[in-house]
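Report on the following structure.
The values are calculated or read from the model by the stated rules, or taken from the named source; none is laboratory data. These figures come from a predicted structure and were not determined experimentally. Every residue, glycine as well, gets a Cβ built from its backbone with ideal geometry; the counts of neighbours run over all protein chains shown. Side chains are part of the model used for accessible areas, which takes the heavy atoms of the whole protein and leaves out ligands, DNA and RNA. Shrake-Rupley method; radii C 1.70, N 1.55, O 1.52, S 1.80 Å.
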Amino acid sequence: MKQTILTGLQSSGDLHIGNYFGAMKPFLDLYNDKKDSANFYLMVADYHALTSVRDREALKASIYNTVRDYLAVGVDPEQVTLFRQSDNPDHTEMGWVLNCMVTVPFLMLAHSYKDKVAKGLEANAGLFTYPMLMAADILLYGTDLVPVGEDQRQHLEYTREAVAKFNNAYGEVLKEPKELILEAVGVVPGTDGAKMSKSYKNTIPLFGSREDIQKAVMSIVTDSTGDRPENVYAIHKLFRTEAELETLYTENAGKYKNLKEALIEDIDAFIEPMRAKRAAISDDDVKGVLAEGARKAKLVSNDMLGRVRDVIGITI
Ligand code: AMP
Ligand code: TRP
């Protein structure tokens with residue numbers, strides 16, 4: 001039996017290097033490693049994005065951009081089922097079924113919801129049930145492994161809980177997935193040293209122009225003591241080996257500006273080939289890839305949802 005590997009990203013803004021190293025690269029590495037022994041799914045979570053985006057044009061642009069990003073970093077849509085959550089209504093249907101398996105107090109403990117409430121923000125009901133839509137994304141494809149960043153660990157626990165509740169009631173229908181979180185990149189730090197995140201405004205954009213990268217790197221917070229600017233080093237580690245950095249940081253001990261300039265060069269050199277590839281991808285290319293992805297995804301999810309409908313007693 002082939003393994004199934006699936007991950008998703010919300011289309012809610014421009015991707016940053018935290019998304020790339022935390023989720024996209026682990027997915028690509030697995031893909032290059034296991035091309036022949038696993039099925040791969042890559043999803044644009046646009047209905048998850050709706051829990052936070054209220055701007056029609058922004059959501060639309062972000063959907064196109066997320067697919068472009070995937071293609072530019074090297075995802076081959078012939079090999080990977082690259083699709084959009086909203087193109088496959090099985091997800092929202094399965095999400096409903098799973099919502100009926102878990103309790104309100106359980107969902108109230110989810111970080112994605114709790115953190116918003118703690119900040120005094122208005123949490124919509126979609127945000128509240130977010131973990132069960134994500135569980136649906138994963139379970140519809142019989143997924144074994146889900147490569148994600150550390151912040152998604154709890155969502156995988158929630159998914160397993162939904163599986164336990166469902167299977168306990170109806171028999172072994174759903175498969176328990178596992179997260180794949182790489183120690184070294186589980187939390188990529190941002191320009192202020194905290195976790196890189198859209199909502200903290202501390203990101204380095206994955207497909208930014210050289211000026212964008214320059215601006216972000218120059219804004220990395222450095223304290224004026226010590227030879228090694230830790231916040232610069234922590235990001236630099238993603239682009240160079242420790243041995244290379246050892247030499248660079250020893251030669252430039254205390255010279256923060258030189259080190260930031262070296263980091264700008266390294267990020268820019270890394271992104272340049274992907275940037276060129278990305279620029280050549282048209283809106284029609286994106287639409288074509290998504291149409292084919294939706295077709296392939298539905299073949300699998302329809303089957304699973306059919307079984308679910310059957311065991312819960314909906315098929316009459
Ligand atoms: P999001 O932007 O929240 O939709 O995240 C998309 C994916 O990137 C998820 O798997 C996250 O866990 C991962 N991710 C986001 N920010 C970081 C970060 N700073 N470090 C590592 N992974 C991250
Ligand atoms: N919640 C994830 C995030 O914000 C995105 C996501 C939605 C996802 N569905 C998924 C990730 C299924 C992995 C598997 O990053």
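The helices (runs of 4 or more DSSP H) falling completely within the range 200-273 that include 2 or more residues that are under 24 Å from LEU15 (Cβ atoms) map to 210-218, 230-236. Among residues of the range 85-113 that are within 27 Å of VAL300 (Cβ to Cβ), those with a beta-carbon under 7 Å from a residue that is among the polar types (S, T, N, Q) and open to solvent by 50 Å² or more (accessible area, probe 1.4 Å) at least six positions away or on a different chain give the pairs ASP90/ASN302. Restricting LEU156, LEU133, LEU127 to those that are closer than 30 Å to ASN231 by Cβ and either part of a helix (DSSP H, G or I) or open to solvent by less than 40 Å² (accessible area, probe 1.4 Å) (or both) reduces the list to LEU156.
Tell me yes or no: at least one residue of the range 133-149 is of a type in the set (D, E, K, R), assigned by TED's automatic domain parsing to the domain that holds GLY306, free of Cβ contacts under 8 Å to residues at least 40 places away in the same chain and more than 10 Å from ligand 2 (Cβ to nearest atom).
no
When the criteria are applied in full, LEU238 fails the requirement of being in contact with a helix residue (DSSP H, G or I) (Cβ under 6 Å, 6 or more places away or on another chain), more than 16 Å from PHE21 (Cβ to Cβ) and of a type in the set (A, V, I, L, M, F, W, C). Only strands (runs of 3 or more DSSP E) whose full extent lies in the range 1-94 are considered here, and the ones with at least 2 residues that are within 11 Å of ligand 2 (Cβ to nearest atom) and open to solvent by 10 Å² or more (accessible area, probe 1.4 Å) are 3-10. Close contacts from the range 1-28, counting a first residue that is on the phi > 0 side of the Ramachandran plot and a second that is within 11 Å of ligand 2 (Cβ to nearest atom) and of a type in the set (Lys, Arg), with Cβ to Cβ under 8 Å and a gap of 6+ residues or different chains, come to GLY13/LYS198.
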